[in-house]
Amino acid sequence: MGFQLLEKIADEFGTPVFLYFEEILKERARSVWKAFEGMRLVPTAALKANNNPVLLSILKEEGFGGDVVTPGELYAALKAGIEPSKIVWNGNGKTHQQKEFFMKNGVKIVNVDSIEEYEKLWKDADGVDLFLRINPDVEAHTHKYISTGKSEHKFGVHYKKAMEFLDREGKKFKGLHIHIGSQITKAVDFENAYEVVAEISRKFGFSQVNIGGGWGIDYGDGQELDLGEYRKIVQSTLKDFEKIYIELGRYIYAPAGILLSRVHYVKKGIEKHFVVLDTGMSHVIRPALYSAKHSVEFSEYTDEEGPYDVVGYLCETGDFIRRDIRGKLPKEGSLAIVKDIGAYGYSMASNYNSIPKPPEVLVKEDGTVKLIRRGETLEEMFRGIDF
Ligand code: LLP
């Protein structure tokens with residue numbers, strides 16, 4: 001992608017702007033199918049990673065359903081035209097009120113997070129495919145906030161407890177669900193989890209399974225899930241299942257999106273310099289929250305060397321996009337692109353410092369450029385306030 005096109009887009013839509021590429025999105029979707037070739041897969045896209053209905057409608061054409069947690073995510077999935085029969089309802093805090101909304105809209109697949117949830121909401125449920133989320137107590141080797149498969153984590157029912165429970169209530173379930181974490185780059189971690197889920201499923205005669213998401217991508221450090229190795233694991237551990245649901249967010253969306261921004265200042269410091277962008281942690285929270293390292297590229301560089309931090313214009317030191325870059329400083333006014341932000345970028349953006357959310361724009365396969373969500377206005381940010 002050339003900077004010429006990016007300059008044009010920046011001119012037309014302003015900066016910052018979240019920019020997505022249809023071609024990459026489709027490529028990623030197709031490689032998910034490929035990893036499961038020969039198996040009966042029901043792929044779903046995790047709306048928590050990205051909730052733009054236009055992007056989801058592209059994935060729908062690629063045969064994807066949706067993984068939703070909240071009524072808001074369900075709303076977006078339906079808006080994208082996803083059939084309710086391909087929507088999976090996740091979450092560890094489902095309420096009666098939400099259940100009413102989900103059932104009214106025809107959702108029929110539910111991952112039950114706890115025995116308590118089952119007792120409260122699903123004991124007498126009819127016509128709903130229930131999957132019990134088990135906690136396999138395995139390590140995922142990822143950031144501690146996005147690791148979910150150990151017994152100390154709040155998700156799922158510990159597999160031993162689950163077996164006792166299934167002895168009593170197993171007939172009410174279609175199968176098991178697991179999700180051990182996100183940004184997992186070691187295939188063996190999936191293997192450990194899939195083995196647990198396959199063994200328990202065998203014991204209770206489940207022919208369907210939901211294996212969650214978690215595929216780790218290369219954020220520029222060369223670490224990513226090896227899909228060849230992963231496919232072998234799936235072929236051996238999940239071979240007995242007739243139907244496999246998967247819920248992927250990051251793998252599909254992250255590389256399909258960038259944040260296009262502009263350098264406001266290059267501020268000279270003592271030990272290092274600061275490249276100040278027209279965006280910040282309200283749009284890119286992952287560095288502050290998970291010490292995530294997104295690659296940043298600029299349209300024009302000076303001859304002057306760093307080190308430098310790429311920072312936002314918000315009022316705290318945690319407002320950085322990327323720290324300690326060695327190499328040439330960018331020019332003031334140049335474009336900055338924050339990479340791999342198609343997942344957990346816009347969907348985690350906030351209005352901190354009363355900054356409106358930026359627009360989202362799609363570069364279609366045929367090269368045309370389309371606004372897919374306009375930027376928020378100040379009025380919208382302060383709607384509903386009545387003096
Ligand atoms: N299924 C369940 C039940 C999940 O909780 C998640 C993500 C997914 C599927 C999708 O996982 P993925 O394929 O995207 O790894 N905000 C964090 C990531 C949180 C992931 C939460 N659950 C981040 O920015 O890294």
- Note on the structure: The number of residues in the range 17-51 that are of a type in the set (S, T, N, Q), crowded, with 18+ Cβ neighbours inside 10 Å and more than 19 Å from I337 (Cβ to Cβ) is 2
- Task: Please indicate, with yes or no, whether at least one residue in the range 108-126 is in contact with a helix residue (DSSP H, G or I) (Cβ under 8 Å, 6 or more places away or on another chain), under 20 Å from W215 (Cα atoms) and without any contact (Cβ under 8 Å) to a residue 40 or more places away in the chain.
- Result: no
- Query: Within the bounds of the range 173-181, is there any residue that is in the same structural domain as A45 (by TED's automatic domain parsing), among the charged types (D, E, K, R) and out of contact with any strand residue (DSSP E or B) (no Cβ under 6 Å at 6 or more places or on another chain)?
  - Reply: no
- Which of (1) within 13 Å of the ligand (Cβ to nearest atom); (2) out of contact with any Lys or Arg (no Cβ under 7 Å at 6 or more places or on another chain) is the odd one out, the single condition G156 does not satisfy? (2)
- Item | Scope the range 350-366; condition more than 16 Å from D319 (Cβ to Cβ) and of a type in the set (F, W, Y); matching residues | none
- Query: Considering the range 5-16 alone, what residues qualify as being surrounded by fewer than 19 Cβ atoms within 10 Å (Cβ to Cβ) and farther than 13 Å from V369 by Cβ?
  - Reply: G14
- Query: Is it the case that K293 is in a loop (DSSP other than H, G, I, E, B) and within 13 Å of the ligand (Cβ to nearest atom)?
  - Reply: yes
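Per-residue answers, yes or no, for (1) within 13 Å of the ligand (Cβ to nearest atom); (2) of a type outside the set (F, W, Y); (3) surrounded by fewer than 19 Cβ atoms within 10 Å (Cβ to Cβ); (4) farther than 30 Å from F190 by Cα:
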| position | (1), (2), (3), (4) |
| --- | --- |
| I246 | yes, yes, no, no |
| G257 | yes, yes, no, no |
| K272 | no, yes, yes, yes |
| V275 | no, yes, no, yes |
| D303 | no, yes, yes, yes |
| G312 | no, yes, no, yes |
- Only one of Y219, Y253, Y265 is within 12 Å of the ligand (Cβ to nearest atom), open to solvent by 10 Å² or more (accessible area, probe 1.4 Å) and of a type in the set (S, T, Y), namely Y219
- Residue by residue through the range 317-350, note down the ones that are among the polar types (S, T, N, Q) and either open to solvent by 60 Å² or more (accessible area, probe 1.4 Å) or free of Cβ contacts under 8 Å to residues at least 40 places away in the same chain (or both). T317
- Message: Being within 19 Å of the chain's Cα centre (by Cα), buried (at least 21 other Cβ atoms within 10 Å of the Cβ), of a type in the set (A, V, I, L, M, F, W, C) and within 14 Å of the ligand (Cβ to nearest atom): is that true of A193 here?
- Response: no
- Item | Enumerated strands (runs of 3 or more DSSP E) restricted to the range 1-110, each holding at least 3 residues that are among the aliphatic types (A, V, I, L, M) | 41-46
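The values are calculated or read from the model by the stated rules, or taken from the named source; none is laboratory data. All figures in this text were calculated on a predicted structure; none of them were measured in a lab. For neighbour counting, all protein chains shown are included, and Cβ atoms are generated from backbone atoms with ideal geometry for every residue, glycine included. Remember, those area values only see protein heavy atoms, side chains included, never the ligands or the DNA or RNA. Shrake-Rupley method; radii C 1.70, N 1.55, O 1.52, S 1.80 Å.
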